[in-house]
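The structure under discussion appears below in the form of structure tokens.
The values are calculated or read from the model by the stated rules, or taken from the named source; none is laboratory data. Treat the numbers as computed from the prediction; the structure is a model and nothing was measured. Here the Cβ is made from the backbone with ideal geometry for all residues, glycine too, and neighbour counts use every protein chain on show. The accessibility values were calculated without ligands, DNA or RNA, using every heavy atom of the protein model including side chains. Shrake-Rupley method; radii C 1.70, N 1.55, O 1.52, S 1.80 Å.
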Amino acid sequence: MFARYPALAFAIATLAAMDGAAAQTANQPPDTMAARVEACTPCHGNKGEGTNDVYFPRLAGKPAGYLYNQLLAFRSGRRKYPPMNYLLEFLPDPYLEAMAAYFASEHPPLPQPAPSEVSKEVLAQGELLATSGDADRSIPACVSCHGPGLTGMQPGIPGLLGLRAAYVSAQLGAWRYGNRTAKAPDCMQLVAGHLTEADVTAVAAWLATRPAPANPAPVPKGTYALPFGCGSQPN
Amino acid sequence: MGSKLSITLLALAALTTAAQAQDKNSDVVARGEYLARAGDCTACHTAAEGHLFAGGRAMPTPFGTLYTSNITPDPATGIGKWSADDFYKTMHSGRFPDGGLIYPAMPFASYTKVTRADSDAIFAYLRSIPPVIQKNKPHELRFPYDNRQLILGWRTLYFREGEFKPDPAKSAEWNRGAYLVEGLGHCSMCHSPINALGGTSQSDAFKGGLIPMQNWYAPSLTSNREAGLGDWSIKDITDLLQTGVSMRGVVYGPMAEVVHNSLQYLDDADTRAMAVYLKGISEPSPPPPPSSTLPTTESSLLISLGKSVYDKSCASCHGTQGEGKPPHWPPLANNQSIEMQSAVNPIRMVLNGGYPPGTKGNPMPYGMPPFAGLLSDNEVAAVVSYIRTAWGNRGTPVSAREANELRSAPLH
């Protein structure tokens, strides 16, 4: 009898909760972030895993600070993509922060690396740039900021895995032509400014061939020092 | 000893009057800030990521691009040298301190209704904000519109100078609402066929208030066939104005901007006054007989395709009967804003999707995805035709050409 009482109470509580949930879904959209970002998921995937469109980036698992910086940049028009500039125009900061946190906390598996369309030599050149850079041309290694495992660092440096070559080259191009800027000092603009078309093709192609690492999570803030300052990564 | 005491007393008295004066002044400044919100000065005078009221925001018009002015108190590049009289002259008469004519893109045709006291309060507030050194960018208007004398012609046609005159036959609340809507709110700047931003030629082509350059239709606020609010409850109207969403419908596009920057900050009494006035000015009009320019066979094909698109892409949020889950997922059945003669807004809504503005009353709004990349012109036309005619809605079908034309409408 005594033993059953808590169970009964539990059952009632559960029923009441379910009742509430049912009543709520009958008249109101679910009170969740997932329902609130349904405007985003046709392009970015239900869990931010990306879609078939090679220019629509994966969002899942990227550092929340990085995603938030991007949402701020789209809202103000500093980063340009009209459909997103329009959607975000009248959304307040805390809400953008919540959207960023939502996609940062999703962890769908990384996609299979795509078979590459470029030659072995080009891939080798891409690997060299990414892992060692080219000191003669003032190109730092991508890993020096994006991390030895290319998984990025909290709070502002994104990983470079799970992105398709077309997207990566478009972003590097956008930096070179000023369509994308980040908080000053905009270190990526310096990096992209030193790359040639051929470098961009090579590094984007090599990145897209990388398999998923065992732990794709961005490393904690301060795990390593950056070669030079980035406005989006406060010390 | 005695004189010392009286000096101290005098000093004390002086201090208190100074403090009182300061209090009074800070009251005026706070009032001015509130009124500047009601006038939505920031929508035009603050650029994206720019300093508050430093201007420099581009306003595209059919005649070229205007750049808004720096209205911070910097003496060299802002209005730091202006007097309250100079400021009133701008608000009331549309003239610079030296008498020069101001382009009507600055909504002085509405602001002329603002009282002297309110104008002075806004001026006191503008004097209290941090000055920003930023030179005004010269306008880029095409010949002959770069000649300010042309504004005289516009003024003769459209400008009636004069403060708001309350209508003694109406309640104080109605008059307060009228003062805000006709004056600081400058609602008529968008919601009228004659458009201060662009003149008449463009809007004639589409009738009603198509906002030139932006390609959004600002519905009539008096006709219940459009955005007339005659059969809305006061609560639904105040919800719409204050939070951007309501049980009857939501705001989007340029109206989302108005709610975001301006209306959400108005207090309950003022919002209610506006609602009472807006409800009062609507003129009940009988529904028009549906008249479509499309041949019947074409429209019935469209509508059956439209139903299948709707069931697949829209019903999860807007409900199979267009009932929605209001206020967050708006109802489409019996929703005036999709039944209007002009189908520009529902077509753009489908192409571009949107979020209502994030407001104090609705800080995390739900959104609608853009369908521009997911549906063909024909499917867009079909689904819009369907929602305009299903569930007793009294709109007319639209063509794929109309849908196609709006794909290139600017998003900013």
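Quick rundown of the values:
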| quantity | calculated |
| --- | --- |
| Tally, over segment A:44-56, of residues that are under 19 Å from residue B:366 (Cβ atoms) and within 11 Å of chain B (Cβ to nearest Cβ) | 1 |
| Residue within segment A:124-142 that is in contact with a Pro (Cβ under 8 Å, 6 or more places away or on another chain), buried (at least 17 other Cβ atoms within 10 Å of the Cβ) and at pLDDT below 95 present | no |
| Number of positions in segment A:194-208 that are open to solvent by 30 Å² or more (accessible area, probe 1.4 Å) and in contact with a helix residue (DSSP H, G or I) (Cβ under 8 Å, 6 or more places away or on another chain) | 3 |
| Conditions (1) within 20 Å of the chain's Cα centre (by Cα); (2) at pLDDT below 95; (3) surrounded by 17 or more Cβ atoms within 10 Å (Cβ to Cβ); number of the one not met by residue B:362 | (2) |
| Criterion violated by residue B:80 - all others in (1) touching a residue at least 40 places away in the same chain (Cβ under 8 Å); (2) surrounded by fewer than 17 Cβ atoms within 10 Å (Cβ to Cβ); (3) over 16 Å from residue B:122 (Cα atoms) satisfied | (3) |
| Residue within segment A:3-23 that is part of a helix (DSSP H, G or I) and either at pLDDT 95 or above or within 13 Å of chain B (Cβ to nearest Cβ) (or both) present | yes |
| Residue in segment B:380-392 that is nearest to residue B:298 (Cα to Cα), counting only those that are open to solvent by 10 Å² or more (accessible area, probe 1.4 Å) and of a type outside the set (Gly, Ala, Ser) | B:386 |
| Failed item, numbered, when residue A:157 is tested on (1) without any contact (Cβ under 8 Å) to a residue 40 or more places away in the chain; (2) within 24 Å of residue A:81 (Cα to Cα) | (1) |
| Some residue of segment B:45-52 being in contact with a Phe, Trp or Tyr (Cβ under 9 Å, 6 or more places away or on another chain), under 23 Å from residue B:188 (Cα atoms), touching a residue at least 60 places away in the same chain (Cβ under 8 Å) and open to solvent by 20 Å² or more (accessible area, probe 1.4 Å) | no |
| Residue selected from segment A:84-97 under the condition open to solvent by 30 Å² or more (accessible area, probe 1.4 Å) and within 20 Å of residue A:60 (Cβ to Cβ), by the criterion farthest from the other protein chains (Cβ to nearest Cβ) | A:97 |
| Breaking point among (1) modelled with pLDDT under 95; (2) closer than 15 Å to residue B:361 by Cβ, for residue B:266 | (1) |
| Flag for residue A:184 being within 16 Å of residue A:79 (Cβ to Cβ) and surrounded by fewer than 15 Cβ atoms within 10 Å (Cβ to Cβ) | yes |
| Residue in segment B:388-399 that is within 24 Å of residue B:255 (Cβ to Cβ), of a type in the set (Lys, Arg) and within 14 Å of chain A (Cβ to nearest Cβ) present | no |
| Top-ranked residue of segment A:99-123 - restricted to ones that are open to solvent by 30 Å² or more (accessible area, probe 1.4 Å) and among the hydrophobic types (A, V, I, L, M, F, W, C), ranked as nearest to the other protein chains (Cβ to nearest Cβ) | A:101 |
| Every pair of residues 6+ apart whose Cβ atoms lie under 7 Å, when the first sits in segment A:222-235 and is in a loop (DSSP other than H, G, I, E, B) while the second is open to solvent by 60 Å² or more (accessible area, probe 1.4 Å) | A:229/A:185; A:230/A:185; A:231/A:183; A:231/A:184; A:231/A:185; A:232/A:183 |
| Of residues in segment B:95-121 being open to solvent by less than 50 Å² (accessible area, probe 1.4 Å) and not in a loop (DSSP other than H, G, I, E, B), the one nearest to residue B:187 (Cα to Cα) | B:110 |
| Evaluation of residue B:264 against (1) part of a helix (DSSP H, G or I); (2) touching a strand residue (DSSP E or B) at 6+ places or on another chain (Cβ under 7 Å); (3) farther than 26 Å from residue B:189 by Cα (one fails), failing number | (3) |
| Residues of segment A:57-83 classified as more than 8 Å from chain B (Cβ to nearest Cβ), free of Cβ contacts under 8 Å to residues at least 24 places away in the same chain and surrounded by fewer than 20 Cβ atoms within 10 Å (Cβ to Cβ), total | 1 |
| Subset tally (residues that are of a type outside the set (A, V, I, L, M) and outside any loop (DSSP other than H, G, I, E, B)) for segment B:125-149 | 4 |
| Residues satisfying the stated conditions in segment B:125-172, i.e. open to solvent by 70 Å² or more (accessible area, probe 1.4 Å), in contact (Cβ under 8 Å) with a residue 60 or more places away in the chain and more than 18 Å from residue B:45 (Cα to Cα) | B:142, B:145, B:146, B:161, B:170 |
| Every residue from segment B:63-97 that is in contact with a helix residue (DSSP H, G or I) (Cβ under 6 Å, 6 or more places away or on another chain) and either farther than 19 Å from residue B:149 by Cα or not charged (D, E, K, R) (or both) | B:68, B:71, B:73, B:84, B:87, B:88, B:91, B:94, B:97 |
| Filter result for residue B:406 (in a loop (DSSP other than H, G, I, E, B) and either within 23 Å of the chain's Cα centre (by Cα) or outside the structural domain of residue B:261 (by TED's automatic domain parsing) (or both)) | no |
| Residue in segment B:339-346 that is over 25 Å from the mean Cα position of the chain (by Cα), open to solvent by less than 20 Å² (accessible area, probe 1.4 Å), of a type in the set (Val, Ile, Thr) and more than 11 Å from chain A (Cβ to nearest Cβ) present | no |
| Residue match in segment B:348-360 (condition: among the small types (Gly, Ala, Ser), assigned to a helix (DSSP H, G or I) and farther than 24 Å from residue B:210 by Cα) | no |
| Index of the failed condition, residue B:188 passing every other in (1) farther than 29 Å from residue B:73 by Cβ; (2) not assigned by TED's automatic domain parsing to the domain that holds residue B:258 | (2) |
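Per-residue answers, yes or no, for (1) touching a Lys or Arg at 6+ places or on another chain (Cβ under 9 Å); (2) open to solvent by 20 Å² or more (accessible area, probe 1.4 Å); (3) farther than 20 Å from residue A:229 by Cβ:
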| position | (1), (2), (3) |
| --- | --- |
| A:144 | no, yes, no |
| A:150 | yes, no, yes |
| A:165 | no, yes, yes |
| A:169 | no, yes, yes |
| A:179 | yes, yes, yes |
| A:188 | yes, yes, no |
| A:192 | yes, no, no |
